[in-house]
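Below: the structure, in structure tokens.
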Amino acid sequence: MSCAIILIVNSIIFKRTKILASVGPPIDSPEMINALIDAGVNGFRFNFSHASYEDVVRQIPLVRQASVDQGKPVAVLQDLQGPKIRLGNLQHNVEVKKDDHLSLQYGAEHDGHYVLPVQYNLAEKVKVGEPVYMFDGKIHTIVTEVKDSTTVIVRVENDGVLMSRKGINLPETDFSGDILTAKDMKDIEFGARHDIDYVALSFVQSADDIRDLRQMLLSHGSTAQIIAKVETKSAIKEGELEKIVRVSDGVMVARGDLAVEVGPEIVPIVQRRIIALCRKYGKLSIVATQMMASMVDAPEPTRAEVSDIATAVILGADAVMLSDETAGGHYPLEAVASMKKVIMYTQEHVAVASMHDIVPGKRTARDAIAAVAVELADQLQATAIIAETRSGATAVNIAANRPNLPILSVTSEMRTAQQLALSYGNKSFVRPDSKKAGYDLAKQLKAEGFFGEEKKTTVVIVSGRHPGLSGGTDTIRVRVIE
């Protein structure tokens, strides 16, 4: 059985912070998918800004088959495009100067000069005085006039060049209640039919956006969990970020658009807040964007990128994500191997902050049980914590304490096992519901040599009195297996 595990603890090698890789042409083959999983990938992201249905229908079975071949649950994440606003096609690159005025017109064709087509009707949303950043923040403009029902006039604030289909950011514009586009709704319905574990919602403005998506997924019969992508100024307002974390199943720190919307100097602080809040509420945290961007074209990362990954690990992120590095880069396997190496060394030499430093005040019974289990395992020098879990909540709450040993999650639900593939320190197994599921798993792994060569192995088992009942976790048992 293959194990994606790296830090040596009690003779077990395991990787606690997980790796999420974006799918694209360089890894579009059974051989590459298998190689990436073997190298340390725990989940694959399908970017629906670019992915075709034809490709996704073909690629998801490749992931599932590789997962079976390697005996390792792997997560599949659908990343919705959301209201990603772009310029349309330009006849040629357009050079702009400070104080130039541009006409941004929905549905227009480029006139060769300053009438620029946009792929979203800005006139329905923007107000005079609001900033409009183009080309991923390289060109700053200010709205001076909403001319008619489809046209906005902006004044340029700095010299630069505009190109076809470059992104537009509107950090002060209110898009609340309107972030799911017609394309997203179609993509959600598609994902509900094609074995998706997570749906990532782009440009989240408020907790209501998550609730709306939740109802839509339920209406399609989907059991996918929701990842809120935090990349707007509205999402990080005082009090709103915590509400978003509480109603989501996880949060992605989408640092690219977030940096344009709020300023790059704010992003590291927001990243720390998000990871801390996710640990507080037992939610998945993913750090994304340009983690190893230089490895799109180079076989080695920069020292700054290595430091960036190490910082995410030290903060206790559940997962770190590769974007263009695997979706379009020349060195996808090398990028995964390098990321894995950094995770390994960091975890081996620096402890993650304890929950006591992050979560003040009152906690729920489930939180307390998870914390006690981790403390007990530490005092007994146990080899592993085993979580019997139907929904995955027990395992996630244990993971929130960031124990320095494996969390072996046993569940009767394949979907849960796949979702837990991205959870900190978790290695999941699918077994029928049973009062002895955790103990039987421990005995099997002992027989297979998973726990090393020591004669006795101590495990801490967290479970409920009624197997298969979600929310019923109330029991901690210590078992010594010979």
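The values are calculated or read from the model by the stated rules, or taken from the named source; none is laboratory data. Only a predicted model underlies this, so the values are computations on that prediction, with no experimental measurement involved. Cβ coordinates were reconstructed from backbone atoms using ideal geometry, including for glycine residues, and neighbour counts include every protein chain displayed.
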### Task
Go through the stretch 28-37 residue by residue and tally those that are part of a helix (DSSP H, G or I) and farther than 18 Å from Q418 by Cβ.
4
### Query
Failed condition for E300, given (1) modelled with pLDDT under 95; (2) over 16 Å from the mean Cα position of the chain (by Cα); (3) not small (G, A, S), with all others met?
(1)
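Restricting to the stretch 149-164, count the residues that are part of a strand (DSSP E or B) and surrounded by fewer than 17 Cβ atoms within 10 Å (Cβ to Cβ). If you could, list the steps in order and put the result at the bottom.
Residues of the stretch 149-164 that are part of a strand (DSSP E or B), as a first pass: 151-156, 160-162.
Subset that is surrounded by fewer than 17 Cβ atoms within 10 Å (Cβ to Cβ): 155, 160-161.
Residues in the stretch 149-164 being part of a strand (DSSP E or B) and surrounded by fewer than 17 Cβ atoms within 10 Å (Cβ to Cβ): 3 in total.
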### Task
Return the pairs, sorted by first residue and then second, in which the second residue is among the hydroxyl-bearing types (S, T, Y), the first residue lies in the stretch 418-432 and is buried (at least 24 other Cβ atoms within 10 Å of the Cβ), the beta carbons are less than 6 Å apart, and the residues are 6+ apart or on different chains.
L420/S409; L420/S428; N426/S409; S428/S409
### Query
How about the stretch 363-387: which of its residues are loosely packed, with under 15 Cβ neighbours inside 10 Å, in a loop (DSSP other than H, G, I, E, B) and in contact with a strand residue (DSSP E or B) (Cβ under 8 Å, 6 or more places away or on another chain)?
L380, Q381
### Query
Of these, L122, L180, which one is under 23 Å from V262 (Cα atoms), out of contact with any strand residue (DSSP E or B) (no Cβ under 6 Å at 6 or more places or on another chain), in contact (Cβ under 8 Å) with a residue 12 or more places away in the chain and surrounded by 14 or more Cβ atoms within 10 Å (Cβ to Cβ)?
L180
### Task
Report yes if T223 is in contact (Cβ under 8 Å) with a residue 40 or more places away in the chain, under 22 Å from S423 (Cα atoms) and among the hydroxyl-bearing types (S, T, Y), otherwise no.
yes
